[in-house]
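Structure record follows, encoded as structure tokens.
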Amino acid sequence: MSTSETEKIKCLIIGSGPAGYTAAIYAARANLKPVVYTGMQPGGQLTITTEIENFPGYPQGVSGPQMMDDLQKQAERFKTDIRFGSIASVDLDTQPHVVVSDDGRRMEAETVIIATGASANMLKLPSVEKFQGAGVSACATCDGFFYRGKVVAIVGGGDTACEDASYLSGLCKKVYMIVRRNELRASKAMQARVKQAPNIEILWETQTKEVLGDKTVNAVCLTTKTGEQTIPIDGFFVAIGHHPNSELFSKWIDTDENGYIRTIPGTSRTNVDGVFACGDVQDPVYRQAITAAASGCRAAVDAERYLN
Ligand code: NDP
């Protein structure tokens, strides 16, 4: 098809995390001929996770990339049309909804399932921005390898920070956890893992003032209860939560004050007819692979009922 023609789609799924692929599996089996646009990070956030130990059905755990690979294959088995690209714009005033991909393909979708997930937050410091990719990273599993035998710091006290810190502790000589309160937000199991690691040191009630360095990071300046402290490090990781990827739809779709899409309680329906939301983009509370997958199922079922 040339990019000037308009393609008619019954069910367009935007996003390829557990929510998007589960929606695809259900929609494909219901003969909605779903088209999935994977987005910039095919497979979503789980592709940068290490081990998933709490997804039912995997008694030995499963790696994030493996699970996403399996979900993709399962969606393909039922003839989902998976496209490795992003959606550039949408117009949800029209019915069917007009959607244009980043390679200029114009589509009219009878139903749209938003499964765009969430992205990592960054510390808003000039030095953090400056050293991004040169000693500052938001992905321990992607970049931890570069710091084997070295000293790193990680900011955050949630499950992601704890998981990343314990991953880094297996590679690095020393891991500092920079935690702004005097307690961790992470689950008890994750907290125990961090506290057991002999080479993780938690710096309580501490904030990052600046990351220091020349071409690459060599230290971090911290603000503590008693004043400032500078510690030498080789790498600086950030794990301070996520924000929902809902900007593309914000002109039409109701969100809460943090940008999470509001769905009609008990359903995946949004305030726009024929548009459904699932996964982390609409879930400020649970944000788990299993809850995302379940909400993807609901979105596909709701889309099928809407079309019928
Ligand atoms: P969370 O929102 O749970 O935690 C964010 C952490 O970053 C908190 O400790 C927070 O501190 C801290 N923080 C936020 N902003 C700043 C800042 N500006 N400076 C310093 N620290 C800051 O995010 P996560 O990404 O850790 O987790 C997201 C969700 O994913 C959670 O529901 C979590 O349970 C889940 N998850 C589950 C995993 C698993 O089960 N294996 C693995 C990873 C994530 P404070 O506490 O003071 O607000």
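A short reminder: the numbers here are calculations on the coordinates, not readings from a lab. The shown structure was predicted, so the numbers you read here are calculated from the model rather than taken from an experiment. FYI the Cβ positions are ideal-geometry reconstructions off the backbone, even for glycines, and counts take in every protein chain you see.
Net charge of the neighbourhood of P198, taken over other residues with C-beta under 15 Å away and scored Lys/Arg +1, Asp/Glu -1, is +3.
If you take every residue apart from D70 with its C-beta less than 12 Å away from the C-beta of D70, what net charge results, scoring Lys and Arg +1 and Asp and Glu -1?
Working: positive: K73, R77; negative: D69, E76.
Residues close to D70 contribute a combined charge of 0.
Charge tally for V100 (other residues, Cβ to Cβ under 12 Å; Lys, Arg +1; Asp, Glu -1): -3. For the set K130/K215; K124/K173; K79/K251; K174/K195; K130/K173; K174/K225, the pairs lying more than 21 angstrom apart at their alpha carbons are K124/K173; K79/K251; K130/K173; K174/K225. When both bridge partners sit in the chain, DSSP labels roughly 45% of those beta bridges antiparallel.
Amide H contacts of L212: N218, A219, V220, C221, each under 5 Å away and 5 or more positions distant or on a separate chain (H built 1.01 Å from N in the peptide plane; Pro and chain starts excluded). Taking every alpha-carbon pair under 8 Å whose residues sit at least 6 apart, the range 156-221 reaches a relative contact order of 34 percent.
By the Cβ distance rule of under 4.7 Å, the chain has these cysteines without a partner: C11, C162, C172, C221, C278, C297.
Check each of the GluC sites (Glu not before Pro) in the range 201-290 and keep only those in coil by DSSP with at most 10 other C-beta atoms within 10 angstrom; list them in order.
E257
Restriction of the GluC sites (Glu not before Pro) in the range 115-183 to DSSP coil positions whose beta-carbon has at most 13 other beta-carbons within 10 angstrom yields E183.
What residues have an amide H closer than 5 Å to that of I82, excluding those fewer than 5 places away on the same chain, when H is modeled at 1.01 Å from N in the peptide plane? The list, which skips near neighbours in sequence, is V36.
Shown in residue order for the range 145-150 are the 3J(HN,Hα) couplings computed by the Karplus curve 6.51 cos²θ - 1.76 cosθ + 1.60 at θ = phi - 60°: 3, 6, 10, 4, x, 10 Hz (x for Gly and Pro).
Here the Karplus curve 6.51 cos²θ - 1.76 cosθ + 1.60, taken at θ = phi - 60°, turns the phi angles of the range 204-211 into couplings of 6, 6, 10, 10, 8, 8, 8, 8 Hz, with x standing for Gly and Pro.
In plain terms, the residue of F84, F249 with the fewest other Cβ atoms within 10 Å comes first and the most crowded comes last, giving F84, F249. For the range 132-138, putting each phi into the Karplus relation 6.51 cos²θ - 1.76 cosθ + 1.60 with θ = phi - 60° gives couplings of 4, x, 10, x, 10, 8, 9 Hz, in residue order, rounded to whole numbers and with x for Gly and Pro.
Using the Cα centre of the chain as the reference point, and only Cβ charges (+1 on K/R, -1 on D/E), how large is the resulting charge dipole? Debye, rounded to the nearest 20. Show your work: numbers first, answer last.
Numbers: 31 positive and 35 negative charges, 127 e Å.
Magnitude of the dipole: close to 600 debye.
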